[in-house]
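Okay, so here's the structure we're looking at.
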Amino acid sequence: MGRRPVTVRVARWSAEHPWRAIALWVVFVAVCFVGGNAAGLNEATAADQATGEVGRAELIVDSGGFHDPATENVLITSRSGTLDPAAAKVAADDAAAQLRQVTGVASVGTPMPSQDGTALLLPVTMSGDPETASDRVQPLRDATQKVQEAHPALRIEEVGGPSINKALDDTLGKDFKRAELLSLPVTLAILIIAFGALIAAGVPVLLALSSVAAAMGLSTLASHLVPANDTTASVILLIGMAVGVDYSLFYVRREREERAKGRSGLDAVEIAAETSGHAVVVSGTAVIISMAGLLLAQDAIFSSLAVGSILVVAVAVIGSLTVLPALLAKLGRWVDRPRVPLLWRLTAPRTGRHGQPARPRFWPAVLKPALRAPLATLVVSVGLLLALAAPALGMELKFPGMEDVPRSTAAMQAYDRLTAAFPSNGTSHTVAVRARAEQADRVRAALTDLAGRAAADPLFAPAEGDGPKIKVSADRRVSVLEVATPYASRTDEATRSLHELRQDLVPTALRGIPGVEYAVGGGVAANEDYAQHIWHKLPVVAAFVLALTFLVMAWTFRSVVVALTSIALNLLSAGAAYGLLVLVFQNHWAEGLLGFTSMGAIVTWLPLFLFVVLFGLSMDYHVFVVSRIREGVRSGLSNKDAVAYGITSSAGVVTSAAIVMVGVFSIFATLSTIDMKQLGIGLAAAILLDATIIRAVVLPSLMTLLGDANWWAPRFLRGRVATPPADPPTPTPELVGAR
């Protein structure tokens, strides 16, 4: 007998030395977590995230070394519609007196009336670090509330960046905390239903949580090489729970299946390592390759997400090959305790007549069309999925704007009243200019002329107060002008105003100034530039992921055909998910059902991120199912019998794993922000489609239709055929029924 695969040898050692393996895993997780916390997190800066012209504008502004303190406003409006100027002035003076006594207030400006006379605005400048202003804004809000109580006939509100950020942090923080708290009990409940035993359900959750903890620490350490962003931890949790539970589920189910045949605990672990353990390594490699594709996007956010995802998947794979066999060996038959009576009878592995686990009747019934009429089944199922994918051709990409933030908070309601009365406080473009210091006066004159020309254009909002405010750096090399537009950031009018600035107004105004460098940034610019960046990078990332996935699948299964069909099915799954997202979120019919307001587009970063995540996670199921089919083929079953055996023997675990993922991802669809809703719905729908229509209908019909051609490969790739597993499957009555 040849040398056993490394997955088997590692699992055998862990099973024979369980306490050592468990202790080593605990030490590994603790060292990673503690070491990461000790090193501290290195977050990405604006320079790290600079993309396109908007990125150049940010770098020009940063080079000016401006001190931009945090600013707040007290907005005074009438509750009845007509503002009494005298009463508003008294309230503004009262607010100014109150706020000057608040610690953290650097200065209070002069009250400024709106052009239509419906509002009075009192500007407030905060002291201290602007990055932490939202943590220190509450005393200002309390002072404003006292003024409101003293003047009940008026509406007096605190509104500004720090107060809005605090309100959003409070709301969204509760959302994420609720999602994180719900994900654990939901996952555990689904696993209890899948296993019918508490310990068996707890083992996958334990591995997933420990993998997430270790990956969090490693990601913090890695941030000193690849700067992190504030979404990395959430993605590590999301991906870590998904793959950690999946890998354990595959392993534990196979180990229980082998014990049901009468194997000893050690032999059952060894066979599980040789089969499911091998599938875990291959699928983990596929996920890592997919996530590594994000590095080609040359984007600080995607690079951080890629590193975090790669680390958590790698840790989950290592854990499933080391500590999981040790736990299973130590627990033995105790893994099936304590049993949930009804669920245990439904889920306990049973042995059929031929020594194989008894298959439920449901899946053979589902397989009948694919096995009896594979061509018709393939055409119909693929046609339906292509029809679902068709709307993706009309996909629009946009960043969420302030108009997409939930209006459930008082801060956002006040923001709407502020921008209605003072349009220049809403959407704006940043014109950043860098030139030699001796050209500063010419630059100022050019920007002043630019602001005047923009004020005469209905696409722009005229400056309020003393006219355009032009900031000039201390070295007189950098000048910055904010040009406001009265339109929301995602509207066509706002986009046209950006193009007019970039293509006409700014170049015309600055023409003739020697050595001038300029760029137009702002929220609208970020929307446009990032969408172009994504469309440009998506083909590069997709080509990388497809090419490397093809090589891994071809080498693993020694079949070019299996590799090609794997890629085709995953592309079909991703396309259907894209189409579903467009149907749901670019239209209005699902707004009441899912609790959102359509932005008429998909969030800019989502298609690229969704592609790599779905491609990686879909490979989990594909590798597991095709591995079981190949087991049947190598054991002497006909191609059709092997397909029936592979699908029916893996259906239970694939369904359970998919339900876990769908459950966790669906929780994220309940969050308030539109980007998290789209991510949750997109992932949940894609996994559901992949585990049902793709794996139970399209895959068996395609492999049945191809027959022995499934396993074709050039001579150099065929290699040595592995020894089939002991007690090979035979055509049981359940398989015959499926045919």
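The values are calculated or read from the model by the stated rules, or taken from the named source; none is laboratory data. These figures come from a predicted structure and were not determined experimentally. With ideal geometry, Cβ positions are generated from the backbone for all residues, glycine too; neighbour counts draw on all protein chains shown. Surface areas here come from the heavy atoms of the whole protein model, side chains and all, with no ligands, DNA or RNA. Shrake-Rupley method; radii C 1.70, N 1.55, O 1.52, S 1.80 Å.
Going residue by residue through region 262-284, is there one that turns out to be modelled with pLDDT under 80 and among the charged types (D, E, K, R)? Yes, that holds for at least one residue.
Let me confirm something: among ARG178, ARG155, which residue is more than 30 Å from PRO341 (Cβ to Cβ), touching a strand residue (DSSP E or B) at 6+ places or on another chain (Cβ under 8 Å) and either open to solvent by 20 Å² or more (accessible area, probe 1.4 Å) or among the aliphatic types (A, V, I, L, M) (or both)?
Values: ARG178 fails: touching a strand residue (DSSP E or B) at 6+ places or on another chain (Cβ under 8 Å).
None of the other options fit; the residue is ARG155.
Hey, among the residues in region 402-434 that are closer than 29 Å to ARG444 by Cα, part of a helix (DSSP H, G or I) and polar (S, T, N, Q), which one's modelled with the lowest pLDDT? It comes out as SER424.
Residues in region 489-545 that are of a type outside the set (Asp, Glu), out of contact with any Ser or Thr (no Cβ under 6 Å at 6 or more places or on another chain), in contact (Cβ under 8 Å) with a residue 60 or more places away in the chain and farther than 26 Å from PHE611 by Cβ: 13 in all.
Restricting region 708-717 to residues that are more than 38 Å from the chain's Cα centre (by Cα) and within 14 Å of VAL562 (Cβ to Cβ), which is modelled with the highest pLDDT? Working first, answer last.
Filtering region 708-717 down to residues more than 38 Å from the chain's Cα centre (by Cα) leaves 708, 714-716.
Keeping just the survivors that are within 14 Å of VAL562 (Cβ to Cβ) gives 708, 714.
Numbers: ASP708: 88, PRO714: 83.
If we take residues in region 708-717 being more than 38 Å from the chain's Cα centre (by Cα) and within 14 Å of VAL562 (Cβ to Cβ), then ASP708 is modelled with the highest pLDDT.
Has region 115-124 got at least one residue that is open to solvent by 20 Å² or more (accessible area, probe 1.4 Å) and within 23 Å of THR171 (Cβ to Cβ)? The answer is no, given that none of the residues of region 115-124 is open to solvent by 20 Å² or more (accessible area, probe 1.4 Å) and within 23 Å of THR171 (Cβ to Cβ).
For region 254-269, the tally of residues that are within 17 Å of SER14 (Cα to Cα), touching a residue at least 24 places away in the same chain (Cβ under 8 Å) and open to solvent by 30 Å² or more (accessible area, probe 1.4 Å) stands at 2. Of the residues making up region 98-132, those that are farther than 23 Å from ALA421 by Cβ, not in a strand (DSSP E or B) and not basic (Lys, Arg) number 10.
Looking at this structure, is SER638 out of contact with any Phe, Trp or Tyr (no Cβ under 9 Å at 6 or more places or on another chain) and under 16 Å from GLY680 (Cα atoms)? When the stated conditions are applied, SER638 does not pass them. Whenever a residue of region 78-101 is surrounded by 10 or more Cβ atoms within 10 Å (Cβ to Cβ), its partners that are acidic (Asp, Glu) and not in a helix (DSSP H, G or I), lying with C-beta atoms within less than 8 angstrom and at least six residues away or across chains, give the pairs SER78/ASP84.
Tell me, please, whether a residue that is aliphatic (A, V, I, L, M) and over 17 Å from THR430 (Cβ atoms) can be found in region 472-485. The answer is yes; a qualifying residue exists. Here SER63 passes the criteria (1) hydroxyl-bearing (Ser, Thr, Tyr); (2) within 30 Å of GLN413 (Cβ to Cβ); (3) in contact with a Lys or Arg (Cβ under 8 Å, 6 or more places away or on another chain); (4) surrounded by fewer than 21 Cβ atoms within 10 Å (Cβ to Cβ) except the one numbered (2). Taken over region 38-60, the criterion of being surrounded by fewer than 13 Cβ atoms within 10 Å (Cβ to Cβ) and in contact (Cβ under 8 Å) with a residue 12 or more places away in the chain is satisfied by GLY40, THR45, ALA46.
Just one residue in the set PRO462, PRO468, PRO458 is under 23 Å from GLN115 (Cα atoms), part of a loop (DSSP other than H, G, I, E, B), touching a helix residue (DSSP H, G or I) at 6+ places or on another chain (Cβ under 6 Å) and free of Cβ contacts under 8 Å to residues at least 24 places away in the same chain; that residue is PRO468. Against the list (1) polar (S, T, N, Q); (2) open to solvent by less than 30 Å² (accessible area, probe 1.4 Å); (3) over 22 Å from ALA365 (Cβ atoms), the condition SER666 fails is (2). Close contacts from region 233-249, counting a first residue that is farther than 14 Å from LEU683 by Cα and modelled with pLDDT of 85 or more and a second that is open to solvent by 10 Å² or more (accessible area, probe 1.4 Å) and of a type in the set (Ser, Thr, Tyr), with Cβ to Cβ under 9 Å and a gap of 6+ residues or different chains, come to ILE236/SER219; GLY244/SER210. Region 294-383 holds helices (runs of 4 or more DSSP H) entirely within its bounds, and those carrying 1 or more residues that are touching an Asp or Glu at 6+ places or on another chain (Cβ under 6 Å) and at pLDDT below 90 map to 300-321, 323-331, 362-372. The set of residues in region 36-57 that are modelled with pLDDT of 90 or more and touching a Ser or Thr at 6+ places or on another chain (Cβ under 8 Å) contains only ALA57.
Filter region 300-338 down to the residues that are closer than 24 Å to HIS278 by Cα, under 19 Å from the mean Cα position of the chain (by Cα) and among the small types (Gly, Ala, Ser) and list them by number. Across region 300-338, the qualifying residues are ALA306, GLY308, SER309, ALA314, ALA316. Open to solvent by less than 10 Å² (accessible area, probe 1.4 Å) and part of a helix (DSSP H, G or I), is that true of ILE567? No: the conditions fail for ILE567. Has region 594-602 got at least one residue that is under 17 Å from the mean Cα position of the chain (by Cα), open to solvent by less than 10 Å² (accessible area, probe 1.4 Å) and within 19 Å of LEU238 (Cβ to Cβ)? Looking for residues that are under 17 Å from the mean Cα position of the chain (by Cα), open to solvent by less than 10 Å² (accessible area, probe 1.4 Å) and within 19 Å of LEU238 (Cβ to Cβ), one finds at least one in region 594-602, hence yes.
Here is a list: ALA272, ALA279, ALA194. Which entry is of a type in the set (A, V, I, L, M), touching a residue at least 40 places away in the same chain (Cβ under 8 Å) and farther than 19 Å from THR322 by Cβ? It would help to see each step written out before you state the result.
Working: ALA272 fails: farther than 19 Å from THR322 by Cβ; ALA279 fails: farther than 19 Å from THR322 by Cβ.
Result of the check over ALA272, ALA279, ALA194: ALA194.
Here is a list: SER479, SER473. Which entry is in contact with a helix residue (DSSP H, G or I) (Cβ under 6 Å, 6 or more places away or on another chain) and at pLDDT 90 or above? Show your work before the answer.
Details: SER473 fails: in contact with a helix residue (DSSP H, G or I) (Cβ under 6 Å, 6 or more places away or on another chain).
When all the criteria are applied, what remains is SER479.
Of the helices (runs of 4 or more DSSP H) lying entirely inside region 136-225, those carrying at least 2 residues that are modelled with pLDDT under 90 are 161-195, 198-222.
The rows are residues; the columns are (1) basic (Lys, Arg); (2) under 34 Å from the mean Cα position of the chain (by Cα); (3) open to solvent by less than 60 Å² (accessible area, probe 1.4 Å); (4) closer than 30 Å to SER701 by Cα.
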{"site": "LEU371", "(1), (2), (3), (4)": "no, no, yes, yes"}
{"site": "VAL379", "(1), (2), (3), (4)": "no, yes, no, yes"}
{"site": "LEU385", "(1), (2), (3), (4)": "no, yes, yes, yes"}
{"site": "PRO391", "(1), (2), (3), (4)": "no, yes, yes, yes"}
{"site": "SER408", "(1), (2), (3), (4)": "no, yes, no, no"}
{"site": "ASP441", "(1), (2), (3), (4)": "no, no, no, no"}
{"site": "LEU447", "(1), (2), (3), (4)": "no, no, yes, no"}
{"site": "ILE470", "(1), (2), (3), (4)": "no, no, yes, no"}
{"site": "LEU481", "(1), (2), (3), (4)": "no, no, yes, no"}
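When restricted to residues that are under 16 Å from GLY161 (Cα atoms) and without any contact (Cβ under 8 Å) to a residue 24 or more places away in the chain, region 109-136 contains 3.
Which members of region 226-241 meet the condition of being part of a helix (DSSP H, G or I), buried (at least 19 other Cβ atoms within 10 Å of the Cβ) and not aliphatic (A, V, I, L, M)? Across region 226-241, the qualifying residues are THR232, GLY240.
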